[in-house]
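In what follows, a single structure is set out as structure tokens and then discussed.
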Amino acid sequence: MPTTGGRGKFTDEEIAALPNESWIRAISQDAAISDMHIGVQGGDDRTQYYVSGGLFSQGGIIGKTSFDRRSFSVSVNSKLKENLTLSALGSFAQNERTFIAENSENSRLLSSVASLPPVFPVYDENGDPFNNGLRTGVSYNGIELNPQAEFGNPVLGLTYADNLDITNILFGNALMSWEFLEGLKLNGAIGALTRGQHIKNFGARFDIPDQVFTNPNNNLTETFVDQLFTQGEFYLTYELNRTGGHSLSAVAGTSVLANTLNTSGRFGLNFFPNTIEEVNFSNIISNDDKIVAPDYAEINTTLSYYARANYNFQEKYLFSATLRADASSKFGPDNRWGVFPSVSAGWVLSSEGFMADQAVFSLLKVRGSWGVNGNDRISPYQYADRYQRDGAGNLFQLDFNPGVKWEEISQTNIGIDANLFSDQIGITLDLYSKTTRDMLLNFPNPSFLGLPPPVRNAATVQNMGIEALVLYRGRIGMDFKYTIGANAGLAQNQITDLGGGLPIQGAGTRVFDGAPNLSLSDVGSPIASFYGFVFDGLDEQGNPVYRDLDGDGEVTPENDRTIIGNPYPTLIYGLDIRAEYKGFDLTVFASGTEGNDVVNASMGYGFQFSNRTTQVLDAWSLENPNSSVMRPSALEVTNHEFSDYYIEDGSYLRLRNVTLGYRLPQDLLDRAKIANLRVYVSGNNLLTITQYSGYDPEIGANNSPLDVGVDRGFYPLARSITGGVTLSF
């Protein structure tokens, strides 16, 4: 097979002297999970309390990753008078997480695992992590190895780099309910949540003999986050029941939410200690090596007024109407308020006289609804011109939009609920149409402006679908009961309007030549559709050929890229099985998708200097000229163009959970004065059936609706087996 860009073929003697590493095994590990929870409750007929505490610990399946949580909570509910009730809740949790960066262009540990050749050793002859030679020649046991263009040894990163996140969360709220007139109650709630977060990213000092890869100065980055979230809500409720089957309930109230966020950070080089546990800025060798990042602060508030009324006549005719008005400080004074109405109605046909003599339907109900919701999930101050601290001065921010306003999501729904044969079969069917107008997105400026994209109300997106749920309840004999539930949903989305603006480009990746944008959102296509070249096979030399869409005889990014994939599934489904036999209980839950595409960005590295998947065994060669697999090459730029060659079917079926439990007989527990004792064993993510060649087809969005279904190296989903005991007195 002709190759380019490499050192040539290994001899049999060299192959025998080189290792055959599994890089995923080099960074992965078995990990334990423990979850302990204890609670005490008590009180009398007027006051009840509950106190609980918990310890949770989960090791990560990748080295130096873990999560630990310590929590405590107390709640009190007291009926001071027949018409006055007070309750309070307080809780504290400390979360401690060690982590690695994932799905990131700048820290690609998980991508490197799939791309490093197995002939590269994990450790060198001295037992130190091997330097694989980023873009430089290296050797092992005197054998020359190809340099790696992009990836370092991930074990080196795990050995000398640490990331720690400690977050403390304190929450408290108080609630009141006072019925000052018959049927009329005043309700109030006030609450606050504080979050203090301290993140440390540490690179240790190291010097590996006989290797060029050293880090003579250790470094520390610290980030501090302080957040205060407060909420106050007061509302009136009214209930009226009249003879003749008339029932009316109403709610009217107001709420205020405020969120204050402060962040700060600092970076330093050259500390006396060389471990993340000991290092801090009090032991930096020289203050000249310390950089303090600018502080950032934001405050945003939301004020709401709302009213809702429900009417019910003889449990046959149901009506509901809601109106709310919300004001968000994230928008300018002229666009701060949004008004969002909704209405719904239902008709219980099975309660009508004309269905009294039938024995099929125990419930038959038709319903419909229409409503509008608002979305303000953007960073604050997007509407205002502002300055941002930049080094020693201030930088004027040009990415503001004074016209930014509420995103509105309107949805129409028509549904049927039915129970058949004495509730043995349950069926729910919903048809929906959802339209998102004035969608909040970072809309691109024309390239000649050279400005960052401002947040704009950039698009209208139409979602339509159907959802169905079928439930069957069965019994065999007196002791065996089971329930089988299956749900499925068909959905599609399409952009119907961009407000006359340009198509919206999504995030890119350096995996492919030119770091192209991988998605395009344009009228007539799903949002964040994959955008690139169409792979048209190989030429007579095994190089990829891309389709000339405009027929001008030249393939260019400007004229020959098109929509090549959809990250959204057309079908989402699930299966839930529950069974009980005497003291035993069993639950099985599975879910999956069909029709969604995934960009396997990690696969792109396999056509540079890196390792190959097993498809290389069927690559084009003079002896295999009919193959559709590209000829391996590190130098051919066309191998690195983004096309549908790198798009895979992301459909999957996953067995998410199987739990088997046993509850001891009550008469036996009564003798020991135990209220309940159940033992169980549970397995999570036991099996995944998919054609996707990456770690996990369940990619989802990467912090943006414009970056969906792109796999740059996600943390693998862990398969776990747990056992436990539930005991109450």
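Structure data summary
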quantity: Of all residues in region 58-79 being part of a loop (DSSP other than H, G, I, E, B) and of a type outside the set (Gly, Ala, Ser), the one that is modelled with the highest pLDDT; calculated: Thr65
quantity: Failed criterion for Leu363 (all others in (1) modelled with pLDDT under 90; (2) at negative phi; (3) in contact with an Asp or Glu (Cβ under 7 Å, 6 or more places away or on another chain) hold); calculated: (1)
quantity: Test: Leu261 is more than 30 Å from Ser410 (Cα to Cα), at pLDDT 95 or above and surrounded by 15 or more Cβ atoms within 10 Å (Cβ to Cβ); calculated: yes
quantity: Hits in region 201-241 - residues which are surrounded by 15 or more Cβ atoms within 10 Å (Cβ to Cβ) and not in a strand (DSSP E or B); calculated: Ala204, Arg205, Ile208, Gln211, Phe213, Asn218
quantity: Residues within region 591-613 that are part of a strand (DSSP E or B) and either at pLDDT below 95 or crowded, with 20+ Cβ neighbours inside 10 Å (or both), tallied; calculated: 6
quantity: Options Gly542, Gly499, Gly524; residue that is free of Cβ contacts under 8 Å to residues at least 60 places away in the same chain and in the same structural domain as Asn600 (by TED's automatic domain parsing); calculated: Gly524
quantity: Whichever residue in region 355-386 is farther than 30 Å from Ser304 by Cβ and among the β-branched types (Val, Ile, Thr) and, among such residues, is surrounded by the most Cβ atoms within 10 Å (Cβ to Cβ); calculated: Val366
quantity: Any chance Asn187 is in the same structural domain as Asn283 (by TED's automatic domain parsing), surrounded by fewer than 16 Cβ atoms within 10 Å (Cβ to Cβ), in contact with a Phe, Trp or Tyr (Cβ under 9 Å, 6 or more places away or on another chain) and in contact (Cβ under 8 Å) with a residue 24 or more places away in the chain; calculated: no
quantity: Some residue of region 700-721 being at pLDDT 90 or above, within 30 Å of Arg678 (Cβ to Cβ) and β-branched (Val, Ile, Thr); calculated: yes
quantity: Yes/no for Thr301 being among the β-branched types (Val, Ile, Thr), surrounded by fewer than 16 Cβ atoms within 10 Å (Cβ to Cβ) and at pLDDT 95 or above; calculated: yes
quantity: Count of region 450-497 residues which are assigned to a strand (DSSP E or B), charged (D, E, K, R) and loosely packed, with under 14 Cβ neighbours inside 10 Å; calculated: 1
quantity: Test for Ser255: is it touching a residue at least 60 places away in the same chain (Cβ under 8 Å) and either outside the structural domain of Asn168 (by TED's automatic domain parsing) or within 30 Å of Leu181 (Cα to Cα) (or both); calculated: no
quantity: Subset of region 144-201 that is out of contact with any helix residue (DSSP H, G or I) (no Cβ under 9 Å at 6 or more places or on another chain) and of a type in the set (Phe, Trp, Tyr) - its residue that is modelled with the lowest pLDDT; calculated: Tyr160
quantity: Verdict on Gly537 being surrounded by fewer than 19 Cβ atoms within 10 Å (Cβ to Cβ), over 21 Å from Met464 (Cβ atoms), touching a strand residue (DSSP E or B) at 6+ places or on another chain (Cβ under 7 Å) and not assigned by TED's automatic domain parsing to the domain that holds Val599; calculated: no
quantity: Yes/no for Ser693 being touching a residue at least 24 places away in the same chain (Cβ under 8 Å), outside any loop (DSSP other than H, G, I, E, B) and among the small types (Gly, Ala, Ser); calculated: no
quantity: Among (1) out of contact with any Phe, Trp or Tyr (no Cβ under 8 Å at 6 or more places or on another chain); (2) assigned to a strand (DSSP E or B); (3) not polar (S, T, N, Q), the one test that His198 misses; calculated: (1)
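Matching residues to (1) modelled with pLDDT of 80 or more; (2) surrounded by fewer than 16 Cβ atoms within 10 Å (Cβ to Cβ); (3) out of contact with any strand residue (DSSP E or B) (no Cβ under 8 Å at 6 or more places or on another chain); (4) not small (Gly, Ala, Ser):
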{"position": "Phe56", "(1), (2), (3), (4)": "yes, no, no, yes"}
{"position": "Lys81", "(1), (2), (3), (4)": "yes, yes, yes, yes"}
{"position": "Arg97", "(1), (2), (3), (4)": "yes, no, no, yes"}
{"position": "Val119", "(1), (2), (3), (4)": "yes, no, no, yes"}
{"position": "Asp124", "(1), (2), (3), (4)": "yes, no, no, yes"}
{"position": "Gly127", "(1), (2), (3), (4)": "yes, yes, yes, no"}
{"position": "Asn132", "(1), (2), (3), (4)": "no, no, no, yes"}
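Residue-by-condition table, conditions (1) surrounded by 13 or more Cβ atoms within 10 Å (Cβ to Cβ); (2) at pLDDT 90 or above; (3) not aliphatic (A, V, I, L, M):
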| site | (1), (2), (3) |
| --- | --- |
| Met1 | yes, no, no |
| Glu14 | yes, no, yes |
| Ala17 | yes, no, no |
| Ile24 | yes, no, no |
| Ile33 | yes, yes, no |
| Met36 | no, yes, no |
| Gly43 | no, yes, yes |
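The values are calculated or read from the model by the stated rules, or taken from the named source; none is laboratory data. Treat the numbers as computed from the prediction; the structure is a model and nothing was measured. Don't worry about glycine lacking a Cβ; one is built from the backbone with ideal geometry, like all the others, and counts go over all protein chains shown.
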